[in-house]
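Have a look at the structure below before the remarks.
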Amino acid sequence: MAAWKRSISESRVRDALKALPSVEVVDLTREIDLATVSIPLTKAYRVDGVHTYIDIVNADQLLDSDKTESERSHRRLLRYLHIFQRVLHTAVLSVTDVYRVDAQNHRTHLITYKPYDDEAKRVAVAITVADSLRKLVALADDLHEELADARVRVGIESGVALAVRNGTRGDRELLFLGNPANHAAKLLGGTSDGIYLGAVARAALGKEFETKTPSSVVLTADQISKCVTKSGLTLDLDKMLKQWRDEVKENPISDFVFTRPTPPLSDLDVDALSPGASRRIEAAAIMADVDGFTKFVADRAGTDKAGSAVRALHVIRKELRDLLQDFGGKKVRYIGDCLQGVLAEGAATTDRVKTVSEALWCVAAMRDAFDIIHAEMPDTKPLGLGIGLETGPVSITRLGVKGSRSRCIVGQARVGGLLARGGEARPRGPGPPPGERGRGVEVAHSMEDPAARTSRRCRADRGGDRVVGRPDALEGHVLPAA
């Protein structure tokens, strides 16, 4: 049982606010390179750019390759994502001005912010890169057994967003706050393949690209061809495909080696992980999502309150990370305004009953901490906190080119946690009642086994000030059995 008390979070939040009294928001100038600039917590940059999200929408099907979700199914998915990121780095990022913001498993976030004075050309470059990568993934289907029918959907939007870095030591992650990045990600919400362009990006290209329903209108081959010509960019598909072949040979599936970490996972050094030094354990995967944050930022972006919005994010993410650590869990990564982490109880094997019980108490404490943040920062009251969690085997590693590797966690538990939060564009059960999104704890249906039910009974039996004043803290929507 964790030693967390409400007073710990109260003190920590107040200290964080004192340590970060303000955040300065300035424009990105031509002299600043996002790839190399060190952005302190006290600063955010306004960046006018084109945001691209590339989603291999059916990549998680590799986890269904066997009924037991074995190590092999995890290796197959990790290897596929590893090769994609390595080819992307060498064949695209190293020869263009496109910058990778983040790799979120099968979803990659890119930004194009050059040339500075030509929005239409930036959009054309983003489309050209996205089209080349879609074609590459299709051609690579026949090269190996990982994914023979990969489907790719792309969302692109343009505009001004705030660039910040958050985290400590090796987990300082670049994040863009604001409408363009969020809208580009939301364009991935459909089920059809293709490239989807937001309203602002379409307007930059001219009237022939405009439509009243950008989220449902895919770019035509003719429109893509015009953008490729306008971009002036030439990406050699044959060369990219050759590199993919070489990567398949140089990165055999046996290169992914798993060892089991011993709980508590708070001791896990994620920065030391690599394909050959990956970790795999049965654990609870937790996704804590700050709801309403995109609008919160958008409402303040053009005002003198922009810095306060960034400050709020820094304080919220730090407290959620530290609280998970209090319960013996580990933050694996941030995904925008979400925290993704893992927690396990046991020793040589995972104790499922204790793991689920402690995970539920942890997320209840997160909600208490969020109330504290509301009290200390009244401006954040429009924000909600929604949490999804699921249990099962998860694998944790870092993928891509050495020196530019991204943190990665795979497993059906990770998918389940996202589904419980509605974080992926996939079918899910009915959601919370209207007006309650972001206010509860949502539990994926497969947690409703005896271990989960035991832990849900336990919540009424534990007293103390761990969830002071919140007897309903764990009452959330439970997805029905599939």
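The numbers here are math on the coordinates, done by the rules we state, and not lab data. Nothing here was measured: the structure is a model prediction, and the numbers come from that model. Please note: Cβ atoms are built from the backbone with ideal geometry, for glycine as well, and neighbour counts cover all protein chains shown.
Under 20 Å from the 7 Å Cα→Cβ point of Ala272, by amide nitrogen: which residues of segment 311-325?
Taking a point 7 Å out along Cα→Cβ of Ala272, the residues of segment 311-325 whose backbone N falls under 20 Å are 325.
Can you list residues from other chains, or at least 5 along the same chain, whose modelled amide H is less than 5 Å from the amide H of Arg151?
It is Val57, Asn58, by chain and number.
Any idea how far apart Ala148 and Asp222 come out in nm if each label point goes 7 Å out from Cα toward Cβ?
3.7 nm
What net charge is computed for the residues neighbouring Ser192, neighbours being all others with C-beta under 13 Å from the C-beta of Ser192, Lys and Arg scored +1, Asp and Glu -1?
Working: positive: Arg134, Arg151, Arg153; negative: Asp55, Asp193.
Once positives and negatives cancel, what remains is +1.
Ranked by Cβ crowding within 10 angstrom, fewest neighbours first, how are Met377, Met287, Met240 ordered? Don't skip to the end; give the middle numbers.
On the way: Met377 17, Met287 25, Met240 20.
With the sparsest Cβ surroundings first, the list reads Met377, Met240, Met287.
So which of Lys43/Lys186; Lys249/Lys318; Lys43/Lys207; Lys242/Lys330 end up more than 32 Å apart, counting from Cα to Cα?
Values: Lys43/Lys186 27 Å; Lys249/Lys318 41 Å; Lys43/Lys207 37 Å; Lys242/Lys330 38 Å.
In this structure, Lys249/Lys318; Lys43/Lys207; Lys242/Lys330 exceed 32 Å between Cα atoms.
When Lys18, Lys114, Lys330 are ordered from fewest to most other Cβ atoms inside 10 Å of their Cβ, what list results? Display every interim value, and only then the final one.
Values: Lys18 8, Lys114 18, Lys330 25.
Fewest-to-most Cβ neighbours within 10 Å comes out as Lys18, Lys114, Lys330.
Plugging the Kirkwood radius over Cα pairs into Stokes-Einstein for segment 242-342, at a temperature of 10 °C and a viscosity of 1.306 mPa s, what D comes out in µm²/s? Intermediate results must be reported in sequence, preceding the final value.
Working: Rh = 16.4 Å.
D = 97 µm²/s.
Stretched out fully, how many nm does the piece from Asp236 to Arg46 gain, at 0.36 nm a residue minus the Cα gap?
Values: separation 190, 0.36 × 190 = 68.40 nm, distance 3.29 nm.
Contour length minus the Cα-Cα distance gives 65.1 nm.
Most exposed first by the Cβ proxy, i.e. fewest other Cβ within 10 Å, how do Tyr45, Tyr334 rank?
Numbers: Tyr45 20, Tyr334 23.
Starting with the residue having the fewest Cβ neighbours, the order is Tyr45, Tyr334.
For segment 223-319, state which GluC sites (Glu not before Pro) are in a DSSP loop and have at most 14 other beta carbons lying within 10 Å of their beta carbon.
Answer by residue number: there is no such site.
What would the Debye equation give as log₁₀ I(q)/I(0) for segment 32-254 at q = 0.07, 0.12, 0.16 Å⁻¹, counting only Cα atoms as equal point scatterers?
-0.22, -0.66, -1.13
For an R0 of 35 angstrom, estimate the FRET efficiency from the Cβ-Cβ distance between Ala375 and Thr29 and round to the nearest 0.05. Can you show the working numbers first?
Numbers: r = 38 Å, r/R0 = 1.09.
For R0 = 35 Å, the calculated efficiency reads 0.35.
I'd like the FRET efficiency for Lys135 and Ala19, computed as 1/(1 + (r/R0)^6) with the beta carbon distance as r and R0 of 30 Å, rounded to 0.05. Let's see the in-between values first.
On the way: r = 48 Å, r/R0 = 1.60.
After rounding, the FRET efficiency stands at 0.05.
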